[in-house]
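For reference, the structure is listed below as C-alpha cells.
No value in this document is a laboratory result; all are computed from the given coordinates. Fair warning: this is a prediction, and the values are worked out from it, not measured in the lab. Virtual Cβ from ideal backbone geometry, glycine too; neighbours counted across all protein chains shown.
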C-alpha cells in the first residue's frame, strides 16, 4: 500500500506509470510530474475508471481541516475509494453518478436566472438607475418564479408563453410585451455565450394582443399653446420651477434630462447645452442649441443657482435637483390636468408644430428630440450632425413661441433658404 512519503519521493519517468494502493485505487504519474488519483472498478460486466482528482490537492488519507472554531473532515483518496466501492455494491455506477452531479451543476450555472442576472449585471452599467431596477423587478416578479431554475437552453416558446399569459391575465399588456422583450435579450445573450441555440421569445411576437398605447398628454393646438405659455409666465410658485417651465418648451428635452441638468454642461457663450451620454435614454451624448430666449432664461437662472451643481436644485437641498414630479405638479397647480398636459408633453408639442405648422425637416426634428436617426447606410448620426440647421430651427421655434404669446399672426409657412 502507498504512503505519503513514497508518493512524495516518486519522480516522473519518460513514460507514465501507476502506483497501486489496493481495492483498485492507484496514482497515475505523468512524465511532466502530474499525479492523478484513479479507481479501477467493474460495473455491469465492464471495466471502468473513475477520476478522484490530483495529489496533493486530494491527499492519500482524509484529515481534519481547521475551520473557525470547528474542524471539518476532508475525504482523502482512500475515503473516496471506499465510498465508490459501496456504490458499486449497492448497484450504483459511481462514474455515472458523478456525471449526473456534474450535469446538474452545469445546468444550475446555465439556468435562466443565472444567465439573466449575468446579462443584467453586464448591460445595466449603460442604463439609468430606474431602468435597471424596473428590468430586474420584472424578471424577479414575473419570470424567475416559473422559469428561473430551468436550463436556458431547455426553455421553449410554450414555456415562455405560459409566463406571459399569467401577466396578460392580470390586464398588464404593456408589461407582458416588455417582459417578452427582456427575455429575448437574455436568450440572445445566452446564445452569444454558448449556453443556448435559439431565442424562443422571438417565436412569440404576435402571440400576445398589442397593448394600447397611452400617449403622454400634450397640448399641440397653437391657440392652446399660447394660453399655456402665458400661464407659465404668470406662475407664482418657486422661481426655479418657473424658469424650468419657461425653458422646457424651448429645448423640449425629456423631463429627466431637464431636471438633472448641470451648469458644467451649459456654455452660454456658445449657446450650447451638451448632455452627457450617461443621462440620455439612448446612451449617446446630445447637443442642444440654445436660442436667444433660452440663453436669457439661463442667464437669469444662473444668478439664482449658478454657484451650485444643478440648474434646478430642490427647495430642501441644493445638492439634489428638483424631483421628477415637480414640473407636473406645477402644471396641475396652474390648472392643467394630467390628461391635458404633462412635462413630457413639451416634446410632442414641439414635434407636432415644427412639422405641421413650421414645416421643418422631419430628420432635423428627430435629431433634436434625440431619437435614433440613421443615415442611408444604417449608421447612427452623431450629436453634431446638422448642428447649423438645428440652430436655425431652434431659434425659429423660439421666435414662433414668442409670437404666439404676443398674439402675432404667425404665418405657418417654411422659409426657403
Using only the alpha-carbon atoms, how far is helix 157-169 inclined from the longest principal axis of the chain? Give it as 0 to 90 degrees, nearest 10. 50
If I fit a long axis through the Cα atoms of helix 222-233 and take the longest principal axis of the Cα atoms of the chain, what angle between them do I get, 0 to 90°, rounded to 10? 80
Taking a ≥ b ≥ c as the square roots of the Cα gyration tensor eigenvalues, with a/c under 1.5 meaning rounded and otherwise prolate when a/b beats b/c, else oblate, which class fits the chain? prolate
Exposure proxy check on 168, 278: fewest-to-most Cβ neighbours within 10 Å is 278, 168
Per-residue Cβ neighbour rank within 10 angstrom, fewest leading, 386, 346: 386, 346
Three-way shape label, the stretch 112-204, alpha-carbon gyration tensor, a/c 1.5: oblate
The helix 292-305 Cα axis meets the longest alpha-carbon principal axis of the chain at an angle in degrees, between 0 and 90 and rounded to 10, of 70
Hey, fewest Cβ within 10 Å first, where do 63, 81, 183 land in order? 63, 81, 183
Taking alpha-carbon centroids only, the stretch 163-181 lies from the stretch 334-349 a number of Å equal to 28
Taking a ≥ b ≥ c as the square roots of the Cα gyration tensor eigenvalues, with a/c under 1.5 meaning rounded and otherwise prolate when a/b beats b/c or oblate if not, the stretch 222-406 comes out oblate
